[in-house]
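Read through the structure below, which is laid out as structure tokens, and then see the notes.
The values are calculated or read from the model by the stated rules, or taken from the named source; none is laboratory data. Owing to the predicted nature of the structure, the values given are computational and were not obtained by experimental measurement. A quick note on method: Cβ atoms are made from the backbone with ideal geometry, for glycine too, and the neighbour counts reach across all protein chains shown.
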Amino acid sequence: MTHLLDLLLLAPDIQEEVLFLEAVEGEEPLSERGLRAVAHAGTWEVQRERWREVKASF
């Protein structure tokens, strides 16, 4: 449960993007663990940089 609450640390625009990601068949390209790494990246600006890197991988 606390892991999911960590996602509230994400910048609001990243939260919105995650909410509106389209479903895919098969393995999801984005994991909750990966999102937590972004959430703990520090400031929202640093989170946005990390998020751009993560999105580039899928």
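Overview of results
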| item | result |
| --- | --- |
| Residue list for the range 14-58, restricted to those being hydroxyl-bearing (Ser, Thr, Tyr) and more than 12 Å from the chain's Cα centre (by Cα) | Thr43, Ser57 |
| Residue count, the range 26-42 (criterion: in a loop (DSSP other than H, G, I, E, B) and modelled with pLDDT of 90 or more) | 3 |
| Single residue of Glu53, Glu49, Glu45 found to be in a helix (DSSP H, G or I) and under 17 Å from Leu8 (Cα atoms) | Glu45 |
| Pair list, Cβ < 7 Å and 6+ apart or interchain, from the range 24-46 residues that are free of Cβ contacts under 8 Å to residues at least 12 places away in the same chain to residues that are part of a helix (DSSP H, G or I) and of a type in the set (D, E, K, R) | Ala41/Arg50 |
| Where Asp13 falls short, out of the listed (1) modelled with pLDDT of 90 or more; (2) part of a loop (DSSP other than H, G, I, E, B) | (2) |
| The range 15-46: number of residues that are over 16 Å from Phe58 (Cα atoms), among the charged types (D, E, K, R) and surrounded by fewer than 12 Cβ atoms within 10 Å (Cβ to Cβ) | 2 |
